[in-house]
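**Q** Before I ask anything, let me first share the structure, which is written out below as structure tokens.
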Amino acid sequence: MKIIITENKIDKIKSLIDKKGVKKVISLIGGSDNFIKILGPDSINEYVYKYLDENAYPDYGWESPDYYKEQLERFGDLVFYVNDRLTFDYTEYENGYKKLDVYPWLYNEIEELFSINDDDTGWVKIIVNWFETNTGLKVDGVV
């Protein structure tokens with residue numbers, strides 16, 4: 001199938017994303033390959049952020065960075081649930097290394113939606129930035 005890309009089509013898709021969400025629109029236009037072809041690989045970052053805001057927002061919302069730092073000092077790690085499913089586990093080790101585990105349900109879904117030529121480095125960096133922005137915590141590595 002050949003997709004004819006016009007500026008009008010891109011505007012319609014962006015409008016539809018605002019109404020229906022990223023995941024739904026990817027499905028409606030025939031999958032992630034079509035989505036990436038239409039919007040271009042350079043604009044994917046914006047939609048990964050939007051997807052995370054729509055689908056990986058923790059139950060009960062984000063807390064303040066001070067809250068997370070206090071909890072981390074008390075317990076050594078933090079867990080985040082999304083729709084009652086364990087989604088993120090953040091651990092700070094004694095040597096200062098800070099690791100973020102992204103649980104398979106989310107990792108696999110994002111990989112399926114946003115990997116370009118089997119390259120996940122772009123969206124992994126986005127997850128790190130998104131998580132750091134929302135928690136105030138630094139991430140050194142993602143598993």
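None of the figures in this text is laboratory data; all of them are computed from the coordinates on show. Note that the structure is a prediction, hence the values are computed from the model and not measured. Virtual Cβ from ideal backbone geometry, glycine too; neighbours counted across all protein chains shown.
**Q** Could you order peptides 81-88, 69-76 by the average number of other Cβ atoms within 10 Å of their residues, highest first?
**A** Put in order of decreasing packing, that is 81-88, 69-76.
**Q** Turning to a different aspect of this structure: Under 8 Å for C-alpha pairs, at least 6 residues apart: give me the relative contact order for the chain, rounded to a whole percent.
**A** Dividing the mean separation by the residue count of the chain yields 23 percent.
**Q** Describe numerically, in nm with one decimal, the distance between label points set 7 Å from Cα along Cα→Cβ at residue 8 and at residue 53.
**A** 2.8
**Q** If you don't mind, there's one more thing I want to ask. Ratio of alpha-carbon Rg to the 2.2 N^0.38 Å globular estimate for the chain, to two decimals, please.
**A** For the chain, the normalised Cα radius of gyration is 1.16.
**Q** 222 nm [θ] for the chain, helices only, -39500 (n - 2.57) per DSSP H run of 4+, per residue, to 500?
**A** Computed ellipticity for the chain at 222 nm equals -16500 deg cm²/dmol.
**Q** Could you name the aspartates and glutamates whose alpha carbon sits less than 13 Å from that of residue 99, not counting residues in the same chain fewer than 8 places away?
**A** 77, 89, 132, 140
**Q** How much of the DSSP bridge set in the chain is antiparallel, in percent, rounded to the nearest 5?
**A** 85
**Q** Under 14 Å from the Cβ of residue 70, count the other residues' Cβ atoms, weight Lys and Arg +1, Asp and Glu -1, and hand me the total.
**A** Combined, the nearby Lys, Arg, Asp and Glu give -3.
**Q** Further, regarding this structure: What pairs in 14/50; 23/125; 50/98; 50/125; 69/98; 19/138 have C-alpha atoms more than 23 Å from each other?
**A** Check vs 23 Å cut-off fails for 50/98; 19/138.
**Q** Based on the Cβ-Cβ distance of residue 60 and residue 37, what FRET efficiency does E = 1/(1 + (r/R0)^6) give at R0 = 35 Å, to the nearest 0.05?
**A** E between residue 60 and residue 37, to the nearest 0.05, is 0.40.
**Q** What is the gain in length, in nm to one decimal, between residue 69 and residue 18 on full extension, counting 0.36 nm per residue of separation less the C-alpha to C-alpha distance?
**A** 15.0 nm
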